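Beneath this line is the structure, given in structure tokens, with notes to follow.
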Amino acid sequence: MGLPKGVQWTFNFDAGIGAFGFFNSLYTDVRPDPSGDLSENWFESFVKPALSASVAAGKSEFFGKLSAVGERTFAAPPPLVGDEASSFQVEDAHLGWRSGTALGVGEDALEFTVGRAQYRIGHGFLLWDGAGEGGSRGGFWTGARKAWEFAGVAAFRPKRHNLEAFYLNRDEVPESETNTKVWGANYELSLGAATTFGLTYLNFEADSDALPARDGMDVYNGRLFTAPFTALPGLAFEAEYAREENDDLLTSTAWTAQAGYELGSVAWKPRLSYRYAFFEGDDPATSTNESFDMLLPGFYDWGTWWQGEIGGEYFLSNSNLISHQVRLHLTPSESVTGGLIGYLFRLDQPASFAPGVTSEDLATELDAYVDWSLNDNIIVSFVAAWADPHEAAEQGFDRTSNFSYGMIYFAYSY
């Protein structure tokens, strides 16, 4: 390729295109239509070329990455997604150094990264999404941009321990700029391959006019992911807790717990799981704001941490929300996986959800998904979802019709 020798070069290319359709409009998109046609359909696409490099420096190495993302949303998207839009800009642009075997306390025990880079904590419950999408950039669902506008990360990883200190500046959509920045520390302890325990402290800065409760907020987070029984390797548990504090402006909590069991020796390897998630809402009877700030979560798996392909993607946030999730995941073959996810959504504080809401009962949702790997480079994903509005949705949005949604998405990775 004509690139300098003595450097390990890696070229990647990712692309995707998807079709999305609502067969009844969003609960929050209340609009008269004499024809009775409340459907909305649109397309999204993206490309992401990337070039990575590493060069040895004794027993250590320097590394870097440069990439760009072009995204487009077209064909009459709904207002929440944004108008037809396209953009092309730098995504990754960072340099770093890792210790290799130079320190004698484990390979790559020390690592530094500076520049436009991705960074996440755990499964993305609080912190993952380093870049805004939708609006004038396009790509509301696609989410191809994840790198922070600036990231400075120092990591020390001796054997089972992982200690990180970081400063992050979010790359936001221009028309929705909040100047969100965060610094903090993260510690993780790995006990074998099946258990990870983590503790995190975060401190946020933001535009005090746009997000007054976030500016100066402290966040304390603890989490555990474990499959503790060697005789039952398919039995796994997850738990995570977060507390947000900002003097008299905000005090709020959120937590989640999940249990799942996979029958690994049975055909299709069925895995059944249940998850409870609580995100506090603001109590209008108190002077303090208790509304949990969902911060910057990311997509770890279907339903995590966008809860519901209808609810979590388009009309709910991880605030003032109680969710019950039941999931059945199947693996029919090495190239095909799929499953069903059911949700019951309830409100923590109905009065702060919308004017006139007194019921806690918000909605139920059922999602069906299939991921099909056509080959080593192409994955096709199919989603069909249905949601039923309950009393709180009727009170808040005057909607009683069921909401259906479908998606097909082609992803290419090289």
PHE74: net charge of surrounding residues, Cβ under 11 Å, Lys/Arg +1, Asp/Glu -1, itself excluded?
-> -3
Computed label-point distance, nm, for sites LEU189 and ASP218 using a 7 Å Cα→Cβ extension = 2.2
Which values, in whole Å and largest first, are the semi-axes of the equivalent ellipsoid of the chain obtained as the square root of 5 times each eigenvalue of the Cα gyration tensor?
-> 35, 26, 25
Rounded to whole angstrom, the alpha-carbon centroid of the range 80-154 lies from that of the range 235-305 at a distance of 22
Would you please calculate the Kirkwood hydrodynamic radius of the range 73-120 over all C-alpha pairs and express it in Å, rounded to one decimal?
-> 14.5
Which whole-number percentage describes the relative contact order of the chain, with Cα contacts under 8 Å and a sequence gap of 6 or more?
-> 12
List, in the order given, every pair from LYS146/LYS181; LYS146/LYS269; LYS159/LYS181; LYS159/LYS269; LYS48/LYS159 whose Cα-Cα distance in the structure shown is over 22 Å.
-> LYS146/LYS269; LYS159/LYS181; LYS159/LYS269; LYS48/LYS159
Expressed as a whole number of Å, what is the distance separating the alpha-carbon centroids of the range 196-224 and the range 352-403?
-> 28
Semi-axes of the equivalent ellipsoid for the range 208-333, Cα gyration tensor, largest first, Å = 34, 16, 11
Based on the mean of other Cβ atoms within 10 Å per residue, sort peptides 12-19, 293-300 so the most packed one is first.
-> 293-300, 12-19
Whole-percent carbon and sulfur contribution to the accessible surface of the chain (1.4 Å, no ligands, DNA or RNA) stands at 59
In Å², rounded to a whole number, the accessible area per residue of the chain with probe 1.4 Å is 46
Simple spin-label model, 7 Å along Cα-to-Cβ: LYS5 to LYS159 in nm?
-> 4.2
Farthest towards the positive end of the dipole of the chain, among TRP305, GLY122, TRP141 and with Cβ unit charges of +1 on Lys and Arg and -1 on Asp and Glu, lies the Cα of GLY122
Using label points projected 7 Å from each Cα along Cα→Cβ, tell me how many nm separate SER401 and SER333, to one decimal.
-> 3.9
Please state the Cα pair-distance histogram of the range 263-406 with 10 angstrom bins from zero: what percent is in each bin?
-> 11, 36, 31, 15, 6, 1
Rg and Dmax of the range 312-394 over Cα atoms: what are they, in angstrom?
-> 16.5, 52
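The values are calculated or read from the model by the stated rules, or taken from the named source; none is laboratory data. If you're wondering where the values come from, they're calculated on a predicted model, not measured in any experiment. Neighbour counts are summed over all protein chains in view; Cβ atoms, including those assigned to glycine, are modelled from backbone coordinates with ideal geometry. When the accessible area is computed, the model is the full protein with side chains, heavy atoms only, and any ligands, DNA or RNA have been set aside. Shrake-Rupley method; radii C 1.70, N 1.55, O 1.52, S 1.80 Å.
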